[in-house]
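Below is one structure, written out as structure tokens; comments come after it.
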Amino acid sequence: MEAIYQYAWLIPVLPLVGALVVGCGLVSFPEATNRLRQLNAVLIISLLGVSTALSFALLASQVQGHLPYRQMLEWATAGDFHLQMGFEVDPLAALMLVVVTTVALLVMIYTDGYMAEDPGYVRFYAYLSLFSSSMLGLVLSPNMVQVYVFWELVGMCSYLLIGFWYDRPAAAEACQKAFVVNRVGDFGLLLGILGLYWSTGSFEFDLTGARLADLVHAGDLSGLIAAGLAVLVFLGPVAKSAQFPLHVWLPDAMEGPTPISALIHAATMVAAGVFLIARMFPLFSSIPLAMEVIAWTGAFTAFLGATIAITQNDIKKGLAYSTMSQLGYMVMAMGAGAYSAGLFHLVTHAYFKAMLFLGSGAVIHGMEAVVGHNPASQDMRLMGGLRRYMPKTAFTFLIGVLAISGIPPLAGFWSKDEILGATYGASPWLWLVGWGTAGITAFYMFRMYFTTFEGKFRGDDTRLQAQVNQELGIHSHGDHHGHSHGHPHEAPWTMTLPLLILAVPSTLLGLVGTPFANYFEELIHTPGLESAAAEFEWSEFLTMAGSSVGIVLLGITLAVSMYLSRRLDPAAIAAKVPFLYRLSLRKWYFDELYDSLFVRNSRRLARQVLNLDARVVDGLVNLTGLVTLLTGQGLKYLENGRAQFYALIVFGMVLGFVVLSAVT
């Protein structure tokens, strides 16, 4: 078993090799590489399949009790400074390796059907493989420097994938927005890492936490400074995991192809922020103020995302705000000290949210036969009744909706209920926010399901199509040729098979983390504490679970009344609370606020700097050139090479000094 650990470095390297081979082929022999598109896809999927097998072997070894394995090499040395690089496999890393590789593998299989007609098919696979390699390298990183390197590589891949259709203005703007917003968080993370090294002299996760706590306890470092460093580090996860106030990039990132939404913005990249909090939990847990900031940031983000998702008509953007809300649950759990609960929800959410996103992609794929390749294919107002045309997609989507809503015994119930129970012990107010958000989650997810799959199909309503097209700015109805045709249809097997596979962990995975037999807690226990199962009490469990299921059923009942039985009119309710409706529909006006505060002011500052550069800096440079020119022109008449002339000049200057002396 030890030999498997020695070759763990192959897990990120194999996808990197696939990306390099296909990428070099696209650069050197583009026509031949694009003709062999299926062969390239098989190569990349096969290499990731080997990484997946190795990841499962490592997880099995960790479950059996193998000690964490660490392999390091000297990377850089300067005096007393020593920087090591390598990899570390522990229960947290092994678990994340399995989550990333399995979701990435299924997404790559799904991509073959979804991107079959796209001219960038091969390039897309190269990007997917590069991203998978970067994320796997991040998971295996043993110190903060290596984490930061792969953190930036993940961000770069996100930029490439969100802007994959770079000829679309919306996609080009979305990838720039994601890049800029993430740079804000990443700069805070970099400052935090440097500050921690300045104070502790180490980049190691455990050492920085222990040394910082000792420094604060001894009075050698202010507790406020320590909290500030921790919050700076937390800014990285705030951006990457789309937490308030750096959440605004995630919905716009839906402009990328749907497989990317499933891989990056549901299961892996956005989970990197929660993973980093977990990896640096010894640091955060020693600073109560930082834990408070983390907990309330997550709680508010969970509520914010849920309230915005209520009114979204774009199916992918609704899922994006749902992702933001669920990530808020995970961050809230970490801040409340519920380490294993946050990670458990990360794992269960990765599978059912990936299934939901891939299901939305299958819906969009089917709707394009009716409304063409345009944003209207994502608008739920043109859907309805799709269960008759797409039964497999509808079935798996319903499982995902039940799981994320927290219906027992599906996976989401166990992980979300554990978070609510833990936060109640930390702060009843945190629990109240999470409990209320659970009801909102059930409402908007069933609203999404009913609007998409139940009732009458609305895609053939020409008046509604015209209204939606006008609102979305679509000038010609239908596909690129301006014609609509056909009916919605089930996706090919390469797209439905991953959905059916993902439905299994979405249904059963929660059983490994039940409160009465918590195998997940035994594997992933809080750092620095011995794994010990708390004494289980049925009365406490039934009270907490009953309250969470109760609020969920209330949300479902409201969704049934508004979008299935139609006993309540959503438009009439919105008209009674216009301010709240507009607040949700306009995403709490964060985009407008940031545009006013940052974008416009940045442009104004840039114009002022441009004027300063043109008038002052360029003026000084031009003045220097003018003085040089004039003095050069004058001196050329004096420098004529005649000794008599030079003597005359010297005599004149001496005479001038004599006269000046006589006068004074």
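The values are calculated or read from the model by the stated rules, or taken from the named source; none is laboratory data. Note that this is a predicted model, so its numbers are computed, not measured. When we count neighbours, we look across all protein chains shown, and the Cβ atoms used for this are built from the backbone with ideal geometry, even at glycine. When the accessible area is computed, the model is the full protein with side chains, heavy atoms only, and any ligands, DNA or RNA have been set aside. Shrake-Rupley method; radii C 1.70, N 1.55, O 1.52, S 1.80 Å.
Would you work out the relative contact order for the chain, in percent, from Cα pairs under 8 angstrom that are 6 or more residues apart? Once divided by the residue count of the chain, the mean separation gives 12 percent. What is the sum of charges, Lys and Arg at +1 and Asp and Glu at -1, for the other residues whose Cβ falls under 11 Å from the Cβ of SER286? Summing Lys and Arg as +1 and Asp and Glu as -1 gives 0.
Can you tell me the 0 to 90 degree angle between the C-alpha axis of helix 169-200 and the longest principal axis of the chain, rounded to 10? Between helix and principal axis, roughly 80 degrees. Pairwise alpha-carbon distances in the range 557-605 exceed 17 Å for 57% of all pairs. Between ARG168 and GLN633, the C-beta separation translates, for a Förster distance of 45 Å, into a calculated FRET efficiency of about 0.20. Applying the Karplus relation 6.51 cos²θ - 1.76 cosθ + 1.60 with θ = phi - 60° to the range 366-371 yields 3J(HN,Hα) values of x, 5, 5, 5, 9, 9 Hz, where x marks Gly and Pro.
With equal scatterers on the alpha carbons only and no solvent term, can you work out the Debye log10 of I(q)/I(0) for the range 559-664 at 0.12 1/Å? Each listed q maps to, in turn, -0.80. In terms of Cα atoms, the Rg and Dmax of the range 27-144 work out to 17.8, 57 Å. Dimensions of the range 137-192 from C-alpha coordinates, computed as largest minus smallest value along each principal axis and given longest first, are 39, 21, 10 Å. Its Kirkwood hydrodynamic radius, worked out from the mean inverse distance over all distinct Cα pairs, puts the range 427-479 at 14.1 Å.
Averaging the sequence gap over all C-alpha pairs within less than 8 Å and six or more residues apart, then dividing by the number of residues, gives the range 254-345 a relative contact order of 34 percent.
Find the eigenvalues of the gyration tensor of the Cα atoms of the range 1-53, then list the square roots of 5 times those eigenvalues as equivalent ellipsoid semi-axes, largest first, in whole angstrom. Working shown, then result.
On the way: eigenvalues 149, 24, 5 Å².
Value: 27, 11, 5 Å, ordered largest first.
Hey, can you grab everything whose amide H is under 5 Å from the amide H of SER241? Only 5+ residues off in sequence or another chain; H modelled, so Pro and N-termini drop out. The answer is GLY273. As a length-normalised measure over Cα pairs under 8 Å and 6 or more apart, the relative contact order of the range 97-201 settles at 20 percent.
Spin-label model, TYR7 to GLN71: label points 7 Å out along the Cα-to-beta-carbon direction sit 1.1 nm apart.
Using only Cα atoms, tell me the angle between helix 223-240 and the longest principal axis of the chain; keep it within 0 to 90° and round to the nearest 10. Compared with the principal axis, the helix lies near 70 degrees. Here the range 373-518 has an Rg and Dmax of 19.4, 60 Å, counting Cα atoms alone.
Taking each pair of distinct Cα atoms in the range 290-334 once, what is the resulting Kirkwood hydrodynamic radius in Å? Can you show the working numbers first?
On the way: mean 1/r = 0.0972 Å⁻¹.
The Cα-based Kirkwood calculation yields 10.3 Å.
I want to verify the translational diffusion coefficient of the range 188-249 in µm²/s; compute it with Stokes-Einstein, Rh as the Kirkwood radius over Cα pairs, at 37 °C and 0.692 mPa s. Estimated via Stokes-Einstein, D reaches 272 µm²/s. Hey, could you get me the Stokes-Einstein D for the range 257-357, Kirkwood radius over alpha-carbon pairs, 4 °C and 1.567 mPa s, rounded to whole µm² s⁻¹? Stokes-Einstein gives a translational diffusion coefficient of 95 µm²/s.
Rg and Dmax of the range 285-418, both derived from C-alpha coordinates alone, stand at 16.8, 57 Å. Summed over the residues of the chain and divided among them, the accessible surface reaches 44 Å² per residue at a probe radius of 1.4 Å. Applying both filters, DSSP loop and at most 13 other Cβ atoms within 10 Å, to the chymotrypsin sites (Phe, Trp or Tyr not before Pro) of the range 157-221 gives TYR166. Distance between the 7 Å Cα→Cβ label points at LEU191 and LYS576: 4.7 nm. Placing dummy labels 7 Å off each Cα toward the beta-carbon, the span from LEU610 to ASN622 is 1.7 nm.
Applying the Karplus relation 6.51 cos²θ - 1.76 cosθ + 1.60 with θ = phi - 60° to the range 396-407 yields 3J(HN,Hα) values of 5, 5, 5, 4, x, 5, 5, 5, 6, 6, x, 8 Hz, where x marks Gly and Pro.
For the range 1-121, which whole-number percentage of the solvent-accessible area (1.4 Å probe, protein heavy atoms only) is attributable to carbon and sulfur atoms? Intermediate values should be presented prior to the final figure.
Working: 3920 of 5800 Å².
Carbon-and-sulfur percentage of accessible area, whole number: 68.
Set Lys and Arg Cβ to +1 and Asp and Glu Cβ to -1, take the dipole of the chain about its Cα centre, and tell me which of ALA333, GLY473, ASN34 lies farthest positive. Of the listed residues, the answer is GLY473.
Looking only at Cα atoms, what is the convex hull volume of the chain per residue, in Å³?
Working: hull volume 176.9 nm³, N = 664.
Dividing the Cα hull volume of the chain by its residue count gives 266 Å³.
Could you list, in their original order, any pairs among LYS317/LYS456; LYS240/LYS317; LYS316/LYS416; LYS353/LYS416 whose Cα atoms are separated by more than 20 Å? List each step's numbers first, then the result.
Details: LYS317/LYS456 23 Å; LYS240/LYS317 17 Å; LYS316/LYS416 22 Å; LYS353/LYS416 14 Å.
Table pairs above 20 Å Cα-Cα are LYS317/LYS456; LYS316/LYS416.
Between ASP80 and PHE457, what length in nm is gained on full extension when 0.36 nm per residue of separation is reduced by their alpha carbon distance? Spell out each step's value before the answer.
On the way: separation 377, 0.36 × 377 = 135.72 nm, distance 7.00 nm.
Full extension of this stretch gives 128.7 nm more.
Remark on GLN84: its backbone amide H falls under 5 Å from those of TRP75, a criterion applied only to residues 5 or more positions apart or on other chains, H modelled at 1.01 Å from N. With a Förster radius of 45 Å applied to the beta-carbon distance between VAL599 and VAL504, the computed FRET efficiency rounds to 0.50. Can you give the angle from 0 to 90° between the axis of helix 618-638 and the longest principal axis of the chain, with both taken from C-alpha atoms, to the nearest 10? Tilt relative to the chain: about 20 degrees. Straight-line cross-link partners of LYS587 among the aspartates and glutamates, defined as a Cα under 16 Å from its Cα and at least 8 positions apart when in the same chain: ASP252, ASP314, ASP595. Estimated from helices alone, the mean residue ellipticity of the chain at 222 nm is -23500 deg cm²/dmol (sum of -39500 (n - 2.57) over DSSP H runs with n ≥ 4, per residue).
If you place +1 on the Cβ of every Lys and Arg and -1 on the Cβ of every Asp and Glu, how big does the dipole about the Cα centre of the chain come out, in debye to the nearest 20?
On the way: 35 positive and 44 negative charges, 396 e Å.
Dipole about the Cα centre, nearest 20: 1900 debye.
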